[in-house]
Amino acid sequence: MYNYEKSVYYQPRIVFRFEFYSLIKLRPNITYYGHSCFLVELSGKNILFDPFISPNPKASMIDISTIKPDLVVISHGHGDHIADAVSICKQSQAQVISVYEITEWLSAQGVTNGLPMNIGGSINLGFCSIKMVKAEHSSSFPDGSYAGSAVGFVIKTPEVCFYYAGDTALTLDMQLIPLEYELDFAFLPIGDNFTMGISDAVKAAKLIDSKKIIGMHFDTFTPIEIDHKSAYASFSDASIQLILPLINQTFEL
Ligand code: NI
Ligand code: MN
């Protein structure tokens, strides 16, 4: 019988397929829906972070009925992070990762496929693993009720690893992340007033040891408007790449 395993025709195919596969996985597609809301396509799955789109006048060109993620990840209960969570979760049947208090709140509104976590915990979803990490911020629902702790997330696949900080101040806890993970990029808030501003975000990028930062939580409202030129300059002075995405833009990383 012919041994296909040892065939010279067979082996180059493996090499080609491996390289092609690696190329795709190393460069996730990211779509910015404004404020802190991103859709990250990873290993063929779509992860949506902090859905706040329909109340955002700057994102009025986006039709949320077309957004069908496989997973929705929510950092805290403030309206500018969860406004569209119920409708998008219902239309997509996505699983939801958040703190227990938020998955319970969603469940009371008919979104029952929540995967509750708390700070320090990890979960393996097969296509990726997610660790819930600390954020230094408050958290309550739009009606003022208790929404648990504000959190961030580290998402890891065999090919890519990134940090989504949510709303947070600069905090020394960020130093713990590079002890465990080698980040390819990170989403950091940079708008100041409610979260870190630009100079603290540069310090945060150093603490987490990430050379590629996607800015978020800027320009949506007057108090968080930033000067883009000085933001780019501050990061490039520290030899860190800053990306300030355009709303409704998809880019490759
Ligand atoms: Ni907030
Ligand atoms: Mn916020």
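Evaluate region 146-160: report whether one residue or more is under 18 Å from Ile130 (Cα atoms), among the acidic types (Asp, Glu) and outside any strand (DSSP E or B). For region 146-160, residues under 18 Å from Ile130 (Cα atoms), among the acidic types (Asp, Glu) and outside any strand (DSSP E or B): present. Within region 110-142, work out how many residues are part of a loop (DSSP other than H, G, I, E, B) and within 16 Å of ligand 2 (Cβ to nearest atom). The number of residues fulfilling the criteria is 7.
In a residue-by-residue description of region 32-46, the property of being in contact with a Cys (Cβ under 7 Å, 6 or more places away or on another chain) and polar (S, T, N, Q) applies to at least one position.
This table checks each residue for (1) away from ligand 2 (no atom under 16 Å from the Cβ); (2) closer than 28 Å to Leu179 by Cβ; (3) free of Cβ contacts under 8 Å to residues at least 40 places away in the same chain.
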| site | (1), (2), (3) |
| --- | --- |
| Gly197 | no, yes, yes |
| Asp200 | no, yes, yes |
| Ser210 | yes, yes, no |
| Ile226 | no, no, yes |
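Here's the yes/no breakdown for (1) within 16 Å of ligand 1 (Cβ to nearest atom); (2) part of a helix (DSSP H, G or I):
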{"site": "Thr31", "(1), (2)": "no, no"}
{"site": "Ile47", "(1), (2)": "no, no"}
{"site": "Ser54", "(1), (2)": "no, no"}
{"site": "Met61", "(1), (2)": "no, no"}
{"site": "Ser65", "(1), (2)": "no, yes"}
{"site": "Lys68", "(1), (2)": "no, no"}
{"site": "Gly77", "(1), (2)": "yes, no"}
{"site": "Lys90", "(1), (2)": "no, yes"}
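The listed residues are Leu188, Leu179, Leu172, Leu183, and the only one of them that is within 16 Å of ligand 1 (Cβ to nearest atom) and of a type in the set (A, V, I, L, M) turns out to be Leu188.
The residue that is nearest to the chain's Cα centre (by Cα), among those in region 160-169 that are of a type outside the set (Ser, Thr, Tyr) and more than 16 Å from ligand 1 (Cβ to nearest atom), is Phe162. If the condition is being under 23 Å from Lys45 (Cα atoms) and either part of a strand (DSSP E or B) or touching a strand residue (DSSP E or B) at 6+ places or on another chain (Cβ under 9 Å) (or both), then region 93-106 contributes Ala94, Gln95, Val96, Ile97, Ser98, Val99, Ile102, Thr103, Leu106. Within the span defined as region 88-101, one or more residues are away from ligand 2 (no atom under 16 Å from the Cβ) and either at pLDDT below 95 or on the phi > 0 side of the Ramachandran plot (or both). Residues that are within 15 Å of the chain's Cα centre (by Cα) and small (Gly, Ala, Ser) were ranked within region 53-112; the one that is nearest to Ser138 (Cα to Cα) is Ser75. Of the strands (runs of 3 or more DSSP E) lying entirely inside region 162-253, the ones with 2 or more residues being surrounded by fewer than 16 Cβ atoms within 10 Å (Cβ to Cβ) and of a type outside the set (Asp, Glu) are found at 250-252.
Apart from one condition, Ile214 fits all of (1) under 18 Å from Gly152 (Cβ atoms); (2) β-branched (Val, Ile, Thr); (3) without any contact (Cβ under 8 Å) to a residue 60 or more places away in the chain; the exception is (3).
The values are calculated or read from the model by the stated rules, or taken from the named source; none is laboratory data. It should be emphasised that the depicted structure is a prediction, and the values quoted were computed from it without experimental measurement. Every residue, glycine among them, receives a Cβ derived from its backbone with ideal geometry; neighbour counts consider all protein chains shown.
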